[in-house]
Amino acid sequence: MEQRVGGPEVMEELQTRSDEQLEAETKYRSIAMAILGGRAAERYDAPAARSYFERAIAAARPQERMQIRRMADASLALAERRAGDLRDAVEKLGQEPPSGRQLFGLRMIGLIAPPRGSGLVRRARGVLIGIGLVIALIAAGFGVVELIALPFGGIGIPPGVLLGVILDGVVLAILAAFGRRRRNAALAKRGAPAR
């Protein structure tokens, strides 16, 4: 079956469709499968992303295949949390590579939550790092609470830990709200709808 090449308006229209609608797409099958592959990569589901991109390449015309392969390389690098490969793949697509902070965050996610199918050692390392981060957050909250209470005679360990956890929760909520505002401002600047 002959596949027709769609322009940017077709791509935008297909991106608004649900996963089920994209699965059923026949006219622009390669674009629909590539979009599904990108969505799976955003969920860090590398096997599903790989499957969708294989189907997209199979449905694509020869002149479309190179671009879809480049998209697949970038999406799979994201799904498998390979920061260096992601930067290279995004540059090959002709787009601005992720910032150093974003790549650092991807590396940290890769350490804490390794990709599906990783070995037992990598998964155990991720659990231990996660536990260590929680303990460090609780200790930091307890330290701040104890430092504030020190001029007033100090505070016991159980109430200090409880107040430290509450302080951690408040600080994390403020950081999340601030981050959401920054993200929405950046999306508005680019003209994309805020989430």
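Throughout, read-outs are computed from the coordinates displayed, never taken from laboratory work. Since we're looking at a predicted model, the values are computed, not measured. Because the Cβ atoms are built from the backbone with ideal geometry, glycine has one as well, and the counts that use them run over all protein chains shown.
Placing +1 on the Cβ of every Lys and Arg and -1 on the Cβ of every Asp and Glu, with nothing else charged, gives the range 119-190 a dipole about its Cα centre of roughly 800 debye. Shown for the chain are the DSSP H helices of 30 Å or more along their axis, judged by Cα atoms, with a mean Kyte-Doolittle hydropathy of at least 1.6: 120-149.
With no solvent and one equal point scatterer per Cα, compute the Debye intensity ratio I(q)/I(0) for the range 147-187 at 0.16, 0.17, 0.25, 0.33 Å⁻¹ and report its log10, rounded to two decimals. Computed log10 I(q)/I(0) values: -0.55, -0.58, -0.81, -1.00. Electrostatic tally near Arg55: other residues with Cβ closer than 12 Å to its Cβ, Lys and Arg +1, Asp and Glu -1, net -1. With the convex hull drawn around the C-alpha atoms of the range 84-133, the volume per residue stands at 73 Å³. Over the range 8-99, the hull volume per residue, using the convex hull of the C-alpha atoms, is 98 Å³. With the alpha-carbon atoms of the range 119-190 aligned to their principal axes, the span from lowest to highest coordinate is 53, 39, 13 Å, starting with the largest. Stretched out straight at 0.36 nm per residue, the stretch from Arg70 to Asp88 would grow longer than its current Cα-Cα span by 5.5 nm. For the chain, a crude dipole built from +1 on the beta carbon of Lys and Arg and -1 on the beta carbon of Asp and Glu, taken about the Cα centre, is about 260 debye to the nearest 20. For the range 71-157, the Kirkwood estimate of the hydrodynamic radius, built from every pair of different alpha carbons, is 15.6 Å. Were the residues from Glu13 through Ile157 laid out at 0.36 nm apart, the gain over their Cα-Cα distance would be 46.1 nm. What base-10 log of the normalised intensity I(q)/I(0) is obtained for the chain from the Debye formula, alpha carbons as equal point scatterers, at q = 0.08, 0.11 Å⁻¹? Result of the Debye calculation: -0.42, -0.69. Over the chain, DSSP H runs of length four or greater, each weighted -39,500 (n - 2.57), average out per residue to a 222 nm ellipticity of -25000 deg cm²/dmol. Tell me the net charge near Gly37. Cut-off is 15 Å between Cβ atoms, Gly37 excluded, with +1 for each Lys or Arg and -1 for each Asp or Glu. It works out to a net charge of 0.
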